[in-house]
Every structure is written in C-alpha cells, then in structure tokens.
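In what follows, a single structure is set out as structure tokens and then discussed.
The values are calculated or read from the model by the stated rules, or taken from the named source; none is laboratory data. The shown structure was predicted, so the numbers you read here are calculated from the model rather than taken from an experiment. Positions of Cβ are generated from backbone atoms using ideal geometry, with glycine treated the same way; all protein chains shown enter the neighbour counts.
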Amino acid sequence: MNRREFLNSALAASTAMFAPAVIGQAAPRVVVVGGGFAGASCARALRNAGPRIAVTLVEASATFTACPFSNAVIAGLRELSAQQFTYERLIADGISLVRATASAIDAQARQVTLADGTRLPYDRLVLAPGIDIRWDALPGYGESVAERMPHAWKAGEQTLLLRRQLESMEDGGLVVISAPANPFRCPPGPYERASLIAHYLKARKPRSKLIVLDAKDAFSKQRLFQNAWTELYAGLLEWIPLSKGGKVISVDAATNTLATDFGRHRAAVANVIPPQKAGRIAEAAGVADRSGWCPVDPASFESKLQPGIHVIGDAAIAGAMPKSAFAANAQAKVCAEAMAVLLNGGVPSAPKMINTCYSLVSPDYGISVAGVYRPADGQLTEVPGSGGVSPVDAPRATRALEAAMAEGWFRTITGEVFG
C-alpha cells in the first residue's frame with residue numbers, strides 16, 4: 001500500500017468505524033467543549049452515532065483557524081484565510097452551537113457553566129480544549145512579551161505577527177527559534193517552521209541566518225529534516241541541541257535576546273515556542289494532573305480523574321500517539337463511538353487508531369511519518385511494525401509527491417470536519 005492509499009483508507013476507516021447506537025427512551029445530552037479538529041470531529045461523529053443524541057458544541061470563536069499549514073503562512077506561501085473555517089456545516093447537521101467560553105465544570109452535578117453564568121447539563125462531557133501556554137515556565141517570557149517575541153503556536157494573529165516581523169527584518173538579520181522539551185503540540189512543527197522560514201530567507205534575505213535552539217537532543221523525523229537542510233539550506237540554518245547548549249533558560253524582551261547555559265543569542269526576530277499544557281478548562285474540570293495534561297482511558301478517552309468526562313486531542317495524555325490534527329480527528333471518532341456504547345450501557349471495544357503527519361521542508365519537498373496505535377497496559381502504544389517515515393534516499397520526485405499529498409490531506413480533513 002502506498003502512502004496515498006494509506007491516507008485515504010485511514011480517513012475512510014476512522015469515519016465509518018461505528019454503527020448507530022441503540023438509545024433508550026430519554027435522549028442523552030452530550031456537551032463538547034472546544035471546536036477544533038478534536039471537538040468538531042467528535043460533535044459530528046456523535047450526530048452520526050444516533051439522531052437522538054442531543055449534541056451541543058461550546059466554542060467562543062465564530063471561526064476556527066487551523067494550525068496545520070500555518071507555517072506556510074509565516075513563510076508567505078499562503079494566506080491566513082486559507083486556514084479559516086466556520087461552523088455552518090455543523091449547525092446544518094443538527095448540532096447546537098453555543099458561542100461562549102466554558103468557565104467551570106461541576107462534575108458531580110454534571111453541568112458546564114459558561115462565562116455569562118448559563119449552565120448546560122450533560123450526561124457525558126467531552127473536553128477538547130487544545131493547549132495553553134505555560135507562561136510561568138520560561139523566565140522573562142509572558143503574554144505581553146509574546147507581542148514582541150511571538151510563539152505563533154496558536155494560529156491566528158500570532159501567525160501574522162511572526163510573518164510581519166520576518167518581512168520587516170533587514171537582510172542579514174538573525175532569526176532564532178526556541179523549541180521546547182516534550183510533550184508539546186505538533187512534535188515536527190518547530191522543524192517544519194525552521195525549514196519554511198529558511199526557504200523564505202534563502203529567496204528574499206539570503207544574507208540572513210536562522211538558529212534553532214532546542215531543549216532536546218532528538219526530534220520527530222530528525223534524519224529526514226537534517227538531510228534536507230544540508231541539501232537546501234547549508235550555511236543558513238543551524239540546529240543546536242540540548243547537549244550543545246540549545247536549551248533556552250531565559251529571554252530578555254527589551255533586547256530580543258535568548259539565553260542558554262552556554263551563551264546569549266540576540267535576534268532580529270525571535271520565535272519563542274514555550275512549554276505548554278492542556279487548555280485551562282481542563283484544570284478547572286479537575287481532569288489535568290500535575291504534568292498539566294490529562295490522563296485518559298485509552299479505549300474511551302474517559303478521564304482517569306473525573307468519571308463522565310472525556311478528553312481528546314492535544315490536551316490528552318495519549319501515550320505514544322503524538323499531538324497532531326490527524327490524531328485529534330481519530331481520537332474524536334473513537335471517543336464518540338465509546339460514548340454511544342456507554343450511553344447504552346455497553347462496554348467500549350479496544351480501538352486501533354492511525355496517525356499520519358506531513359511536514360514541508362520547502363513548497364515542493366514533503367516528508368511524513370505514520371503510525372498505528374492501540375491500547376496496551378493502560379495507555380496507547382504503537383503497533384510494532386506499523387507506519388514508518390518517508391524513505392531517507394527518496395528522489396526529489398517523491399518529495400514533491402509527498403508535498404502534494406500534504407495539501408490533499410489538509411483539504412480532506414478540513415472538508416470532512418468543517419464541510
């Protein structure tokens with residue numbers, strides 16, 4: 001099976017994985033908090049699971065801005081509007097959309113409290129809050145500093161801010177990216193970003209340089225990225241790992257300086273990707289542990305800390321399964337199936353889930369990683385021998401094909417989730 005067939009079968013299998021649930025007389029009420037890839041996918045899957053399930057999606061924003069391909073926006077390869085989607089299709093499918101912020105959860109009373117004081121009762125609750133930045137994790141960094149040293153790890157205005165900084169930088173300037181330790185949203189993301197910014201600099205500001213300061217010694221698709229950097233961006237892009245002093249220990253916004261144990265780097269443009277945690281409603285609901293993330297049952301994604309609450313997407317501790325849009329979509333469908341079974345008094349079966357992650361090194365150079373995951377010993381583990389990465393020695397024609405497949409994947413998943 002080639003990668004195109006693998007992708008198509010993965011999306012098709014995860015969409016059609018369950019039959020309609022047999023629902024009792026009272027219509028079950030499921031509230032989904034968060035309208036990203038995880039939450040929106042789960043809401044739609046629940047509607048398909050049984051027309052009598054009353055599904056309410058709580059989302060404050062009228063428009064969802066997707067993170068996949070947002071690095072291409074930063075590099076000037078696409079516009080932010082291509083990343084934005086509305087919820088009209090979900091409403092048309094019979095999902096009740098509540099435009100509000102969930103401020104509190106009463107797990108005992110099974111109620112969601114909104115910012116305006118409204119309370120929504122539920123029989124089952126799904127939290128898909130994505131990530132929040134750990135503002136206290138890096139000395140010198142904070143919400144106000146992000147306006148000067150953007151993280152751009154939530155797509156939207158921060159994406160455009162980083163793009164504008166690159167555009168206004170003089171040729172010969174230094175761009176510094178700080179990559180955090182695991183876990184964080186989209187493990188290959190910092191390295192795709194470095195690649196596409198290097199592409200922009202090579203074309204527009206060739207006297208400039210980019211440095212990646214990393215809190216790790218290894219990263220996703222590392223050999224593929226580094227081979228591509230040698231081929232495409234030699235002398236322009238430098239990666240400094242943890243063992244060589246890459247971990248950023250503080251920042252100085254006044255001088256745009258990032259400090260490590262080994263030295264200081266004063267940047268013309270500083271992209272600080274700080275440590276992260278589950279979205280704040282997860283802590284309010286009592287489903288996040290001391291790590292800041294949410295432990296879940298791998299078969300149903302029900303919280304291990306609060307019965308009746310399920311956590312999916314980036315916020316969940318999903319074992320070997322990475323925090324990605326494809327993973328969030330797959331988890332959402334498994335969670336919806338499990339809830340349909342649980343609401344009918346049954347026991348969910350052990351699922352298998354697929355994740356595929358594409359990265360662009362340049363507009364016509366794509367690489368990917370794929371895996372199959374299943375529950376084992378209370379967590380999600382990768383099925384031995386499943387998936388894999390792009391061939392190291394693939395010709396450029398294959399890299400161009402994978403870049404085109406990445407575009408196709410984005411169109412497919414956003415079309416499926418948002419219509």
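I need a count of the residues in region 340-384 that are charged (D, E, K, R) and at positive phi.
1
Name every residue in region 165-183 that is surrounded by fewer than 23 Cβ atoms within 10 Å (Cβ to Cβ) and under 18 Å from G130 (Cβ atoms), in order of residue number.
If the condition is that a residue be surrounded by fewer than 23 Cβ atoms within 10 Å (Cβ to Cβ) and under 18 Å from G130 (Cβ atoms), then N182, P183 are the ones that fit.
Out of (1) at pLDDT below 95; (2) over 23 Å from the mean Cα position of the chain (by Cα), the odd one out for G388 is which?
So G388 meets the others, but not (2).
Residues in region 191-216 that are crowded, with 22+ Cβ neighbours inside 10 Å and out of contact with any helix residue (DSSP H, G or I) (no Cβ under 9 Å at 6 or more places or on another chain): how many?
Here the count works out to 1.
Looking at the structure I just gave you, is A320 small (G, A, S), in contact with a Phe, Trp or Tyr (Cβ under 7 Å, 6 or more places away or on another chain) and either free of Cβ contacts under 8 Å to residues at least 12 places away in the same chain or closer than 13 Å to V33 by Cα (or both)?
no
Please verify whether T118 is hydroxyl-bearing (S, T, Y) and either farther than 19 Å from S362 by Cβ or at pLDDT below 95 (or both), treating the condition exactly as stated.
So T118 fits the description; yes.
Can you tell me how many residues in region 338-361 are out of contact with any strand residue (DSSP E or B) (no Cβ under 8 Å at 6 or more places or on another chain), surrounded by fewer than 24 Cβ atoms within 10 Å (Cβ to Cβ) and closer than 20 Å to R44 by Cα?
3
Given region 191-309, what strands (runs of 3 or more DSSP E) lie entirely inside it while holding 1 or more residues that are within 20 Å of the chain's Cα centre (by Cα), among the hydrophobic types (A, V, I, L, M, F, W, C) and under 24 Å from P68 (Cα atoms)?
Result: 269-272, 276-278.
Since A340 meets every condition but one in (1) without any contact (Cβ under 8 Å) to a residue 40 or more places away in the chain; (2) under 22 Å from P28 (Cα atoms); (3) among the aliphatic types (A, V, I, L, M), which condition does it not meet?
(1)
For region 25-84, which residues satisfy the criterion of being more than 17 Å from C335 (Cα to Cα) and aromatic (F, W, Y)?
Result: F64, F69.
Can you name every residue in region 298-317 that is of a type outside the set (A, V, I, L, M, F, W, C), touching a residue at least 12 places away in the same chain (Cβ under 8 Å) and more than 19 Å from A181 (Cβ to Cβ)?
Residues satisfying the conditions are P298, S300, E302, S303, Q306, P307, G308, H310, G313.
For (1) among the aromatic types (F, W, Y); (2) in contact (Cβ under 8 Å) with a residue 60 or more places away in the chain; (3) surrounded by fewer than 20 Cβ atoms within 10 Å (Cβ to Cβ), each residue gets a yes or a no:
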position: A72; (1), (2), (3): no, yes, no
position: R78; (1), (2), (3): no, no, yes
position: Q83; (1), (2), (3): no, yes, no
position: E88; (1), (2), (3): no, yes, yes
position: I91; (1), (2), (3): no, no, yes
position: I105; (1), (2), (3): no, yes, no
position: Q108; (1), (2), (3): no, no, yes
position: L114; (1), (2), (3): no, no, yes
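Can you tell me which residue within region 217-246, out of those that are in contact (Cβ under 8 Å) with a residue 40 or more places away in the chain and basic (K, R), is surrounded by the most Cβ atoms within 10 Å (Cβ to Cβ)?
This residue is K221.
So, P139, is that one touching a Phe, Trp or Tyr at 6+ places or on another chain (Cβ under 9 Å), under 19 Å from V248 (Cβ atoms) and surrounded by fewer than 19 Cβ atoms within 10 Å (Cβ to Cβ) or not?
It is false that P139 is touching a Phe, Trp or Tyr at 6+ places or on another chain (Cβ under 9 Å), under 19 Å from V248 (Cβ atoms) and surrounded by fewer than 19 Cβ atoms within 10 Å (Cβ to Cβ).
Does V372 fit the bill of being within 13 Å of G387 (Cα to Cα), at pLDDT 95 or above, more than 16 Å from the chain's Cα centre (by Cα) and in a strand (DSSP E or B)?
For V372, the condition - within 13 Å of G387 (Cα to Cα), at pLDDT 95 or above, more than 16 Å from the chain's Cα centre (by Cα) and in a strand (DSSP E or B) - is met.
Of everything in region 363-387 that's within 21 Å of F219 (Cβ to Cβ) and among the small types (G, A, S), which residue is surrounded by the most Cβ atoms within 10 Å (Cβ to Cβ)?
G366
Can you tell me how many residues within region 96-114 are within 25 Å of the chain's Cα centre (by Cα) and in a loop (DSSP other than H, G, I, E, B)?
Residues flagged as within 25 Å of the chain's Cα centre (by Cα) and in a loop (DSSP other than H, G, I, E, B) within region 96-114 amount to 3.
What number goes with the only condition from (1) assigned to a loop (DSSP other than H, G, I, E, B); (2) within 29 Å of W239 (Cβ to Cβ) that L162 does not pass?
(1)
Answer yes or no as to whether I309 is on the phi < 0 side of the Ramachandran plot and in contact with a helix residue (DSSP H, G or I) (Cβ under 9 Å, 6 or more places away or on another chain).
yes
Considering only region 281-291, I want to know if a residue exists there that is surrounded by fewer than 24 Cβ atoms within 10 Å (Cβ to Cβ), within 30 Å of A26 (Cβ to Cβ) and among the acidic types (D, E).
No, the conditions are met nowhere in region 281-291.
Report yes if S390 is surrounded by 15 or more Cβ atoms within 10 Å (Cβ to Cβ) and among the hydroxyl-bearing types (S, T, Y), otherwise no.
Yes.
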